[in-house]
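Participant: Right, I'll just put the structure down here and ask away after.
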Amino acid sequence: MDFPSKLLENAVNEMAQLPGIGKRTALRLVLHLLRQPIEQTTSLTTALDLLRTEIKYCRSCYALSDTHLCEICEKPSRDHSIICVVEDVRDVMALENTQLYKGIYHVLGGKISPIDGIGPSQLNIQPLIEKVKNGGVNEIIFALSSTMEGDTTNFYIYKQIKDYEIITSTIARGIAVGDELQYADEVTLGRSLIHRVPFETSLKV
Ligand SMILES: [Zn+2]
């Protein structure tokens, strides 16, 4: 692609770094921004700057948060003895949309995937084990996508907490095998949560 302007080329190249954005789409977006009032571009860059500098990971559940403790963890009305284990913040958003869950979450930040070089130590697994060890947890609900990586991760955590006096469950497989949690509709997801099954049962299937 030949650009008449180096500035234009730089902006397009930066935009094209984003996933799913090819050079042509990047060019279209950049030209669109150029046609808008400058305030619009400024508010976009300011929002991104603030996002990068100000956003935090909740020190309890590791979800993205504006404060050190996220809104969910901070609420006394949530049942802190039930912890739903999810992959990332999109799953928290999807489960919150169902309005059926009153416990808290634990965001792992990914799944164990040897192929991608992701081992347990790169995920927020240890803090979850510590929470269980420290007591006060009655139930752990595994809500990872039912992919091979999700199952591996569930089982890895399960092995380390199974000797504690807690219930371990997994969301019902209304979620199709291989489906990513955040793409499930609210009704299916809500149902899967309500009809969750003991984790041991899911191992025998
Ligand atoms: Zn939190």
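Participant: Which one of 66, 88 is within 14 Å of the ligand (Cβ to nearest atom) and surrounded by 14 or more Cβ atoms within 10 Å (Cβ to Cβ)?
Facilitator: Just a single option satisfies the conditions, and that option is 88.
Participant: Return the only residue of 122, 126, 40 being assigned by TED's automatic domain parsing to the domain that holds residue 189, surrounded by 11 or more Cβ atoms within 10 Å (Cβ to Cβ) and without any contact (Cβ under 8 Å) to a residue 12 or more places away in the chain.
Facilitator: Residue meeting the stated conditions: 126.
Participant: Consider residue 115 against the criteria (1) of a type in the set (Val, Ile, Thr); (2) surrounded by 14 or more Cβ atoms within 10 Å (Cβ to Cβ); (3) away from the ligand (no atom under 14 Å from the Cβ): it satisfies all of them except one. Which criterion is unmet?
Facilitator: Unmet condition: (2).
Participant: Taking only the range 96-107 into account, find how many residues are more than 13 Å from the ligand (Cβ to nearest atom) and either among the hydrophobic types (A, V, I, L, M, F, W, C) or more than 20 Å from residue 132 (Cα to Cα) (or both).
Facilitator: 4
Rundown of residues vs (1) modelled with pLDDT of 95 or more; (2) among the charged types (D, E, K, R); (3) in contact with a His (Cβ under 9 Å, 6 or more places away or on another chain), yes/no style:
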| residue | (1), (2), (3) |
| --- | --- |
| 59 | yes, yes, yes |
| 68 | yes, no, no |
| 85 | yes, no, yes |
| 99 | no, no, no |
| 103 | yes, no, yes |
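Participant: Now a separate question. Provide a single number: the residues in the range 69-83 that are outside any loop (DSSP other than H, G, I, E, B), closer than 18 Å to residue 137 by Cα and more than 7 Å from the ligand (Cβ to nearest atom).
Facilitator: 6
Participant: Right, another one. Answer yes or no as to whether residue 37 is more than 20 Å from residue 91 (Cβ to Cβ) and within 16 Å of the ligand (Cβ to nearest atom).
Facilitator: No: the conditions fail for residue 37.
Participant: Right, here's the next one. For residue 110, are the conditions met, namely being surrounded by fewer than 20 Cβ atoms within 10 Å (Cβ to Cβ), closer than 28 Å to residue 53 by Cβ and assigned by TED's automatic domain parsing to the domain that holds residue 199?
Facilitator: Yes.
Participant: Out of the range 98-131, which residues are acidic (Asp, Glu) and either closer than 23 Å to residue 82 by Cβ or in a strand (DSSP E or B) (or both)?
Facilitator: Selection gives 130 alone.
Participant: Here is a further query. Write out, first by first residue and then by second, each pair whose Cβ atoms fall under 8 Å of each other, whose residues are 6+ apart or on separate chains, and whose first residue, in the range 93-108, is at positive phi while the second is assigned to a helix (DSSP H, G or I).
Facilitator: Close Cβ pairs satisfying both conditions: 99/190.
Participant: Being more than 23 Å from residue 195 (Cα to Cα) and more than 16 Å from the ligand (Cβ to nearest atom): is that true of residue 60 here?
Facilitator: The answer is no for residue 60.
Participant: Any residue that is buried (at least 20 other Cβ atoms within 10 Å of the Cβ) and either touching a residue at least 12 places away in the same chain (Cβ under 8 Å) or within 17 Å of the chain's Cα centre (by Cα) (or both) - is there at least one of those in the range 44-51?
Facilitator: Checking the range 44-51: not a single residue is buried (at least 20 other Cβ atoms within 10 Å of the Cβ) and either touching a residue at least 12 places away in the same chain (Cβ under 8 Å) or within 17 Å of the chain's Cα centre (by Cα) (or both).
The values are calculated or read from the model by the stated rules, or taken from the named source; none is laboratory data. It should be emphasised that the depicted structure is a prediction, and the values quoted were computed from it without experimental measurement. Using ideal geometry, Cβ is built from the backbone for each residue, glycine included, and neighbour counts are taken over all protein chains shown.
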